[in-house]
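Asks: Here you go, one structure.
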Amino acid sequence: MVELVKFTVETGVALITVDNPPVNALSAGVPEGIAAAIERAAHDASVSAVVLIGAGRTFVAGADIKQLEEQAHGRGPGAPNIHQLLKSIEDCPKPVVVAIHGTALGGGLELAMAGHYRVASPDAQAGQPEVNLGIIPGAEGTQRLPRLVGVGAAVEMFVSGKSIRAPEAVRLGLFDKIIEGDLKAGAIAFARHVADSGGPHRRTRDRNEKLGSPESNAAILAAGREQARKTRRNMIAPLRVIDAVEAAVTLPFEEGCRREREIVEQCLAGEEARALIHAFFAERAVSKVRGISQETRTHSIRKAGVIGAGTMGGGIAMVLANAGIPVLLKETDRAALDRGMASVRKNYESSVKKGRLTAQEMEERLALIQPQLTYDGFRDADIIIEAVFENMSLKKQVFGEIDRIAKGDCVLATNTSTLDIDEIAGATSRPNMVIGIHFFSPAHVMRLVEVVRGARTDKEVIATAMALTKRLRKLGVLVGNCRGFVGNRMMLPYMREAQCLVEEGATPSQVDQALYDFGMAMGIFAVDDMGGLDLAWRVLQDTKRLTKPGERLYAMGRLGQKTGAGWYRYEDGRTPIRDPEVEALIETTAKQAGIARRSISSEEIIERCLYIMINEGARILDEGFAQRAADIDTIYITGYGFPAYRGGPMWYADTIGLQKIYERILEFQRRHGEYWTAVPLLEQLAHDGQTFAAFDAANEQAVARSRE
Ligand code: 3HC
Ligand code: NAI
């Protein structure tokens with residue numbers, strides 16, 4: 001059996017090393033191993049101090065989320081209880097120094113706070129990200145962190161879930177010292193020093209000096225609750241974590257811990273935790289592509305070419321430069337090139353203003369982007385990403401050109417959002433090297449990238465594109481080559497259904513409000529106005545799904561934000577204002593179509609908008625254009641503002657119950673016609689009492705069996 005916790009003694013200091021790759025999570029066996037090592041150190045007369053450290057790339061990154069998942073679903077014993085361990089560390093008669101590198105997160109930071117001292121590498125980070133999993137810290141973190149950093153800073157860390165860096169942690173009192181150079185050696189020296197000093201080695205739980213006054217705390221807690229409601233809309237855990245901090249400042253330590261435990265258990269029993277834990281693993285599963293393994297060869301990317309310096313091309317060039325990859329940025333005319341580079345510079349300047357980048361870093365990145373009007377240098381590029389207008393004949397022309405110029409192993413990528421990758425690939429002599437890399441706008445901000453495999457794309461090219469997205473700090477999700485790929489394909493029926501709802505009696509703002517209250521970042525009409533009604537018009541028209549109001553607004557030149565009016569009016573260019581003219585127009589088109597208008601409930605809005613989207617998701621899965629239902633969830637959470645605390649559309653469907661959704665679809669079919677036809681996969685799963693999650697799990701098992 002592998003030894004999860006190692007015990008050695010170096011110059012009178014006990015060194016306890018947690019070695020549980022990849023991130024030293026507190027899985028079963030780890031807390032027990034640390035407890036045994038602490039006990040041994042306490043009784044070993046040759047030991048005067050203890051250093052607790054992590055092996056590999058990080059200190060402990062928290063509880064084992066797999067075990068939390070089991071607990072949330074009522075399976076298995078759940079995460080080990082580490083309260084006794086924390087007490088034994090804090091009560092250890094010898095000073096315990098925790099040495100942190102990488103990320104001390106969640107239970108990892110809670111473990112560290114039970115030590116008497118914390119030292120860290122300069123680039124270490126610490127955080128309590130539990131709210132991102134729909135829970136609150138459950139290993140006394142809500143009681144210890146305020147004692148170390150003060151109530152205000154603790155509330156900020158708990159509610160935001162964001163990590164802080166080592167210098168900030170020292171400033172706040174969370175870390176005692178930064179160790180330059182070798183962390184282990186520095187920590188041992190520090191431990192010997194504090195042991196020699198004789199103490200006192202204060203227990204965090206006894207430190208009350210930063211716990212504030214009732215008056216100051218009342219204001220901090222109220223502001224924290226306000227922040228939680230605003231920044232973590234509709235979520236429970238960010239509010240409950242403040243209840244636990246309130247316990248820290250009003251109750252004795254032990255009672256505060258009891259309160260914390262009650263709240264964690266309540267959170268773990270709720271939908272929010274199950275959905276967010278699903279989202280956590282779904283996001284990590286996307287990198288696992290069937291048929292591709294660690295052994296699959298990838299092309300190394302040292303130099304890139306981007307064609308088109310418009311909205312997307314400029315952003316893509318920035319993303320490449322941010323990762324240190326030199327980019328040739330090609331345009332057809334000087335004015336467009338200058339505009340593109342000016343916009344790149346402006347985006348960088350805005351990051352400098354916000355303190356996210358230094359002026360020097362900006363200049364270094366700009367220097368990596370070479371604007372040009374020719375294909376000079378493209379022969380050496382390892383990847384060329386095309387981002388010209390969305391026009392098939394233009395794309396084919398461009399791919400014909402690059403096919404003649406690019407070296408044999410150059411990956412040829414298109415950023416198209418709707419066009420057929422195979423048709424584009426057909427314009428080259430090497431369709432196996434062609435792939436879609438669909439960035440979202442703005443490319444330098446949005447994490448999601450759909451990697452679109454064509455019928456003939458080599459698996460090495462897929463592996464290269466997936467690895468590149470990771471290197472660019474993006475989240476690449478592999479999808480198949482169908483119209484709109486996964487994300488936009490599901491948007492269309494959703495958008496159309498919303499337009500049907502307004503014809504039947506709702507208003508755009510009523511639909512958007514219902515969607516916003518459900519948790520969507522924006523309502524669909526506001527999204528349509530932002531993307532441009534011309535874009536939606538073209539696609540809906542092509543697929544014969546255009547509605548009368550959409551058609552009329554387009555004909556009136558109300559194209560959304562860019563023309564100051566679409567489904568809403570805009571005075572400042574971006575804040576939607578309800579427009580009676582649009583509502584009157586909708587009433588007219590409804591009347592002309594003989595649609596009897598009625599009052600429509602929020603519940604109907606949510607059911608129709610989401611169930612039609614879920615049905616399309618099922619079709620995509622059935623047709624094999626997404627690998628997993630969970631991939632669709634990741635796409636919607638990271639690219640389309642779907643609330644993560646609902647787990648994504650397919651997970652949400654599971655929580656509603658596929659049988660219920662199927663029955664509602666049948667009902668909508670009776671009322672609204674064949675457009676509402678349940679996809680066979682959905683019908684089958686509903687019939688079998690199954691879920692999309694079970695469908696994914698069964699597929700993973702089948703793939704694993706086929707590998708054996
Ligand atoms: N438990 C179980 N598995 C974990 C894990 C955890 N806490 N953290 C990461 N992993 C797994 C991932 O699933 C992934 O597995 P895979 O290779 O099979 O897909 C692998 O470790 C590597 O993870 P990443 O791909 O995310 O690696 P990165 O290097 O990009 O990031 C990280 C490392 C910053 C540590 C990131 O993994 C992370 O944020 N992890 C979660 C941290 C967290 O939320 N901790 C709190 C847990 S809740 C808790 O502690 C409750 C406590 O209060 C009791
Ligand atoms: P854009 O209109 O902003 O930019 C296109 C640029 O390509 C223009 O600057 C144009 O001068 C240039 N161009 C045209 N022909 C060229 C050629 N032969 N060589 C070099 N440059 C040429 O368009 P945008 O929005 O950047 O879109 C580009 C691609 O990205 C399209 O395929 C689009 O569907 C896709 N896309 C767009 C998104 C968006 O939100 N704008 C999101 C995701 C994908």
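Asks: Considering Val461, Val511, Val451, which residue is more than 30 Å from Ser293 (Cβ to Cβ), open to solvent by less than 30 Å² (accessible area, probe 1.4 Å) and among the hydrophobic types (A, V, I, L, M, F, W, C)? Show your work before the answer.
Replies: Working: Val461 fails: more than 30 Å from Ser293 (Cβ to Cβ); Val451 fails: more than 30 Å from Ser293 (Cβ to Cβ).
Among Val461, Val511, Val451, only Val511 is more than 30 Å from Ser293 (Cβ to Cβ), open to solvent by less than 30 Å² (accessible area, probe 1.4 Å) and among the hydrophobic types (A, V, I, L, M, F, W, C).
Asks: Another question about this same structure. Taking segment 147-187 as the region of interest, how many residues are closer than 29 Å to Ser48 by Cα, buried (at least 22 other Cβ atoms within 10 Å of the Cβ) and more than 26 Å from the chain's Cα centre (by Cα)? Steps first, please.
Replies: Step one: of segment 147-187, the residues closer than 29 Å to Ser48 by Cα are 147-149, 166-167, 169-187.
Restricting the remaining residues to those that are buried (at least 22 other Cβ atoms within 10 Å of the Cβ) gives 147, 149, 166, 169, 174-175, 179, 183, 187.
From what is left, the residues that are more than 26 Å from the chain's Cα centre (by Cα) are 147, 149, 174-175, 179, 183, 187.
Selection size over segment 147-187: 7.
Asks: Hey, can you tell me all the residues within segment 357-396 that are over 21 Å from Arg339 (Cβ atoms) and not in a helix (DSSP H, G or I)?
Replies: Matches in segment 357-396: Leu357, Thr358, Gly377, Ala381, Asp382, Ile383, Ile384.
Asks: Just the residues that are open to solvent by 10 Å² or more (accessible area, probe 1.4 Å), part of a helix (DSSP H, G or I) and closer than 25 Å to Gly531 by Cβ, please, taken from segment 622-644.
Replies: Correct list: Ile637, Thr638, Gly639, Ala644.
Asks: Report yes if Gly199 is open to solvent by less than 80 Å² (accessible area, probe 1.4 Å), free of Cβ contacts under 8 Å to residues at least 60 places away in the same chain and under 26 Å from Val98 (Cα atoms), otherwise no. Walk me through it before giving the result.
Replies: Values: open to solvent by less than 80 Å² (accessible area, probe 1.4 Å): yes; free of Cβ contacts under 8 Å to residues at least 60 places away in the same chain: no; under 26 Å from Val98 (Cα atoms): yes.
It is false that Gly199 is open to solvent by less than 80 Å² (accessible area, probe 1.4 Å), free of Cβ contacts under 8 Å to residues at least 60 places away in the same chain and under 26 Å from Val98 (Cα atoms).
Asks: Just name the residue that is modelled with the lowest pLDDT out of those in segment 1-27 that are under 15 Å from Ala139 (Cβ atoms) and in a loop (DSSP other than H, G, I, E, B). Give the steps one after another, and end with the answer.
Replies: Narrowing segment 1-27 to residues under 15 Å from Ala139 (Cβ atoms): 18, 24-27.
When the remaining residues are screened for being in a loop (DSSP other than H, G, I, E, B), the result is 24-27.
On the way: Asn24: 97, Ala25: 97, Leu26: 96, Ser27: 93.
Result: Ser27.
Asks: Can you name the residue in segment 484-510 that is aliphatic (A, V, I, L, M) and under 26 Å from the mean Cα position of the chain (by Cα) and, of all such residues, is nearest to Arg569 (Cα to Cα)?
Replies: If we filter segment 484-510 for residues that are aliphatic (A, V, I, L, M), which is where we start, we get 486, 490-492, 495, 498, 501-502, 506.
From what's left, under 26 Å from the mean Cα position of the chain (by Cα): 486, 490-492, 495.
Values: Val486: 30, Met490: 26, Met491: 22, Leu492: 23, Met495: 19 Å.
Among those residues, the one meeting the criterion is Met495.
Asks: Shifting gears a bit: As an exercise: evaluate Ala37 against (1) open to solvent by less than 50 Å² (accessible area, probe 1.4 Å); (2) closer than 20 Å to Ala191 by Cα; (3) without any contact (Cβ under 8 Å) to a residue 60 or more places away in the chain; (4) part of a loop (DSSP other than H, G, I, E, B) and give the number of the one condition it does not meet.
Replies: (4)
Asks: Also: Any residue at all in segment 85-97 that's in a strand (DSSP E or B) and surrounded by fewer than 24 Cβ atoms within 10 Å (Cβ to Cβ)?
Replies: Just the residues of segment 85-97 that are in a strand (DSSP E or B), to begin with: 96-97.
Still in the running and surrounded by fewer than 24 Cβ atoms within 10 Å (Cβ to Cβ): none.
No.
Asks: Considering only segment 364-388, state which residues are more than 13 Å from ligand 2 (Cβ to nearest atom) and closer than 18 Å to Val452 by Cα.
Replies: Ile383
Asks: Collect the residues in segment 315-349 that are farther than 15 Å from Glu364 by Cβ and assigned to a strand (DSSP E or B), keeping them in residue-number order.
Replies: Leu328, Leu329, Lys330
Asks: Can you find, within segment 129-170, the residue that is farthest from ligand 2 (Cβ to nearest atom) among those that are assigned to a helix (DSSP H, G or I) and of a type in the set (D, E, K, R)? Break it down stepwise before answering.
Replies: So the first thing to find is which residues in segment 129-170 are assigned to a helix (DSSP H, G or I), and the list is 129-133, 141-149, 151-160, 166-170.
Of the ones still in play, those that are also of a type in the set (D, E, K, R) are 130, 144, 147, 156, 168.
Values: Glu130: 34, Arg144: 45, Arg147: 48, Glu156: 34, Glu168: 36 Å.
Selected residue: Arg147.
Asks: If a residue must be within 12 Å of ligand 1 (Cβ to nearest atom) and β-branched (Val, Ile, Thr), how many such residues does segment 271-321 contain?
Replies: Total meeting the criteria: 2.
Asks: Quick check: anything in segment 113-128 aliphatic (A, V, I, L, M), surrounded by fewer than 23 Cβ atoms within 10 Å (Cβ to Cβ) and assigned to a helix (DSSP H, G or I)?
Replies: Of segment 113-128, the ones aliphatic (A, V, I, L, M) are 113-114, 119-120, 124, 126.
Next cut, surrounded by fewer than 23 Cβ atoms within 10 Å (Cβ to Cβ) only: none.
Scanning segment 113-128 turns up no residue that is aliphatic (A, V, I, L, M), surrounded by fewer than 23 Cβ atoms within 10 Å (Cβ to Cβ) and assigned to a helix (DSSP H, G or I).
Asks: A follow-up question, please. Return yes or no: is Arg57 crowded, with 24+ Cβ neighbours inside 10 Å and away from ligand 2 (no atom under 16 Å from the Cβ)? Spell out how you get there, then give the answer.
Replies: Numbers: crowded, with 24+ Cβ neighbours inside 10 Å: no; away from ligand 2 (no atom under 16 Å from the Cβ): yes.
Considered against the rule, which asks whether it is crowded, with 24+ Cβ neighbours inside 10 Å and away from ligand 2 (no atom under 16 Å from the Cβ), Arg57 comes out as no.
Asks: A follow-up question, please. Please determine, by comparing only the residues of segment 98-112 that are farther than 15 Å from Ile53 by Cβ and in a helix (DSSP H, G or I), which one is farthest from ligand 2 (Cβ to nearest atom). Walk me through it before giving the result.
Replies: Here is the first cut: in segment 98-112, the ones farther than 15 Å from Ile53 by Cβ are 105-107, 110.
Then keep just the ones that are in a helix (DSSP H, G or I); that gives 107, 110.
Numbers: Gly107: 39, Glu110: 42 Å.
Going through the qualifying residues, I end up with Glu110.
Asks: Next question, about the same structure. What residue, of Leu373, Leu337, is more than 30 Å from the chain's Cα centre (by Cα), over 24 Å from Arg473 (Cα atoms) and open to solvent by less than 10 Å² (accessible area, probe 1.4 Å)?
Replies: On the way: Leu373 fails: open to solvent by less than 10 Å² (accessible area, probe 1.4 Å).
Residue meeting the stated conditions: Leu337.
The values are calculated or read from the model by the stated rules, or taken from the named source; none is laboratory data. Quick caveat, the model's predicted, so the values are computed rather than measured. Using ideal geometry, Cβ is built from the backbone for each residue, glycine included, and neighbour counts are taken over all protein chains shown. Surface areas here come from the heavy atoms of the whole protein model, side chains and all, with no ligands, DNA or RNA. Shrake-Rupley method; radii C 1.70, N 1.55, O 1.52, S 1.80 Å.
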